[in-house]
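I have placed the structure first, in the form of structure tokens, so that the comments after it can refer back to it.
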Amino acid sequence: MRFVSRVGETIAVKNGAVEGATASTDLGFGLRVLKDGAWGFASSSTPGLEEVLAVADRAVGIAKASALVPGQRAKLAPVEPVEDRWESPYKKDPFDVKLADKLELLLSAEKRVRDGGGGKVMVAQASAGARREEKSFASTEGSYIEQAITECGAGLSAYAVGPGELQRRTYPNGDRELTGCYGWEAVEALDLVGNAERVGQEAAQLLEAKKCPSGPKDIILDTTQMVLQIHESCGHPTELDRVYGTEAGFAGTSFLTTDKLGKFKYGSDKVTIVADATVPHGMGTFKYDDEGVPGQRTVLVDKGTFKNYTTSRETATRLGQKASNGAMRADGWNRMPIIRMTNINLEPGDWTLDEMIKDTKDGVYMEINKSWSIDDKRLNFQFGTEIGWEIKDGALGDMVKSPNYTGITPEFWAGCDAVGDKKHWKLWGTPNCGKGEPMQVAHVGHGSAPTRFRKVRVGVGQ
Ligand SMILES: [Zn+2]
């Protein structure tokens, strides 16, 4: 049984005016029941013993009905019962900061975005968000776990308009109000005001910039684009429920079938990717998942070789593994947990960004994802970014607009020959990962450093 309570806040300003300030609260409980190898789930937003008993009856009834359908019976990998409480750390409670102070910061940053755009920026926006989720988990196996997770973040965006053209520039990373498990200190550290003019200026400059050159090029992706690259081409295809076909919505399934486990060459020997729920401040960081399994660090790709999936207690058993690696999470109280990414991170290498650029003859450096498309097996992809700069003979050159690249997942990662070092490594939050029917939105994280990929098909996007 899980009891989940959430409070959230979103503030947005646009073109000098407050566009919205919303506060939300949501609470309820859900009961998941395993009977005769079949699942039942029911939930309610009305706490109280009578309602709990009624919901339990309903969940058992659904499990009994599910058991009538022939098919795979669920067997759960064991987990040690535990009693524990955990809170994600933060310094300044975002819900204690005055609304007026938040608005003043956003309005002043947003004005500077327009100033920087010099009349070319038609829409400027600034927004901030915070969320706190408190959840209790209790199981008939003897676990009782309480967790409180606080998230916070803010961002800027500028839309510049020219004849038949719209260019976007954002800071720090696309349309993400939440950037990690922090308090308001994370928003202060962003220095929105200090970055605002540049954001507006670059949006305007993109209108005049030349088109991204086409053809095979070496590309260096900033961490803000690596987030999406890792998410779509490694995070999703290593979710074991997609492999078993129990999850096929939203470009479900996967090319990483179980016969490939332990031997398939996913990428070059520079590529080590982990699922790590233990890294501080990640949006996929927690102490226990929604099956009571401890959050942990699992190597998915080890020096290029595909080594593991993110799993649940049920799928771990089916795969022949002794234990789940703790990736089951539900979007609130009225959904069953499903396998979700934790923080899927590319381990750092030993390059500085300067060294990487100096070592590149003919390439493009790209920042911040703008568009994406990938097939349901997660093999063929096309990703577009906000902005790029040409790299010519070891130096950054002209700004280019709408850089876009395509690839086939294992070929693309096989071309990875340089990964940035620890100093360049950065963990980003993705608060909008959609999966399942009915849809569940998960908050996940992706850490990486700037990374180079050789001979990638580059072109101009939208
Ligand atoms: Zn996703």
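The values are calculated or read from the model by the stated rules, or taken from the named source; none is laboratory data. None of the values given here were measured: they were computed from a predicted structure. Cβ: placed from backbone, ideal geometry, glycine included. Neighbour counts: every protein chain shown. Each accessible area value is taken on the protein alone, full model and side chains, heavy atoms only, with ligands, DNA and RNA left out. Shrake-Rupley method; radii C 1.70, N 1.55, O 1.52, S 1.80 Å.
Residue-level check: of (1) touching a strand residue (DSSP E or B) at 6+ places or on another chain (Cβ under 6 Å); (2) closer than 23 Å to residue 144 by Cβ; (3) open to solvent by less than 70 Å² (accessible area, probe 1.4 Å), residue 1 misses just (3). Which residue is nearest to residue 337 (Cα to Cα), if the candidates are limited to the range 408-429 and must be within 16 Å of the ligand (Cβ to nearest atom) and touching a Lys or Arg at 6+ places or on another chain (Cβ under 7 Å)? Result: 429.
Scanning the range 233-251 for residues that are of a type outside the set (Lys, Arg) and assigned to a helix (DSSP H, G or I), which turns out nearest to the ligand (Cβ to nearest atom)? Taking the candidates together, the pick is 235.
Scanning the range 28-64 for residues that are of a type in the set (A, V, I, L, M), part of a helix (DSSP H, G or I) and closer than 15 Å to residue 2 by Cα gives 49, 52, 53, 55, 56, 59.
Taking the condition in contact with a Lys or Arg (Cβ under 7 Å, 6 or more places away or on another chain) and in contact (Cβ under 8 Å) with a residue 12 or more places away in the chain, does residue 252 pass? Even if it seems obvious, please write down each step before you answer.
Numbers: in contact with a Lys or Arg (Cβ under 7 Å, 6 or more places away or on another chain): yes; in contact (Cβ under 8 Å) with a residue 12 or more places away in the chain: yes.
Answer is yes for this residue.
Taken over the range 11-42, the criterion of being within 24 Å of residue 184 (Cα to Cα) and of a type outside the set (Val, Ile, Thr) is satisfied by 12, 14, 15, 16, 17, 19, 20, 21, 23, 24, 26, 27. In this entry, residue 223 passes the filter for residues that are of a type in the set (Val, Ile, Thr), more than 16 Å from the ligand (Cβ to nearest atom), farther than 14 Å from residue 341 by Cα and surrounded by 20 or more Cβ atoms within 10 Å (Cβ to Cβ). Before we move on, is residue 326 within 16 Å of the ligand (Cβ to nearest atom), assigned to a loop (DSSP other than H, G, I, E, B) and either surrounded by 24 or more Cβ atoms within 10 Å (Cβ to Cβ) or under 18 Å from the mean Cα position of the chain (by Cα) (or both)? No, not satisfied. Candidates in the range 367-405 are the residues that are open to solvent by 20 Å² or more (accessible area, probe 1.4 Å) and of a type in the set (A, V, I, L, M); of these, the one that is nearest to residue 199 (Cα to Cα) is 399. Of the residues making up the range 7-38, those that are under 28 Å from the mean Cα position of the chain (by Cα) and closer than 27 Å to residue 62 by Cα are 26, 27, 28, 29, 30, 31, 32.
Results for (1) at pLDDT below 95; (2) more than 16 Å from the ligand (Cβ to nearest atom); (3) surrounded by 23 or more Cβ atoms within 10 Å (Cβ to Cβ), shown as yes or no for each residue.
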{"position": "227", "(1), (2), (3)": "no, no, yes"}
{"position": "231", "(1), (2), (3)": "no, no, no"}
{"position": "288", "(1), (2), (3)": "no, yes, no"}
{"position": "314", "(1), (2), (3)": "no, yes, yes"}
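Just to be sure before I move on: is residue 19 open to solvent by 50 Å² or more (accessible area, probe 1.4 Å) and assigned to a helix (DSSP H, G or I) in the structure I sent? The answer is no for residue 19. The requirement of being loosely packed, with under 15 Cβ neighbours inside 10 Å and farther than 30 Å from residue 8 by Cβ is satisfied by residue 61.
Among the candidates 94, 89, single out the residue that is in contact with a Ser or Thr (Cβ under 9 Å, 6 or more places away or on another chain), modelled with pLDDT of 95 or more, loosely packed, with under 14 Cβ neighbours inside 10 Å and part of a loop (DSSP other than H, G, I, E, B). Spell out the reasoning first.
Numbers: 94 fails: loosely packed, with under 14 Cβ neighbours inside 10 Å.
Selected residue: 89, the only one of 94, 89 that is in contact with a Ser or Thr (Cβ under 9 Å, 6 or more places away or on another chain), modelled with pLDDT of 95 or more, loosely packed, with under 14 Cβ neighbours inside 10 Å and part of a loop (DSSP other than H, G, I, E, B).
For the subset of the range 334-347 comprising residues that are open to solvent by less than 30 Å² (accessible area, probe 1.4 Å) and in a loop (DSSP other than H, G, I, E, B), which member is farthest from residue 268 (Cα to Cα)? Checking each candidate, the answer is 337.
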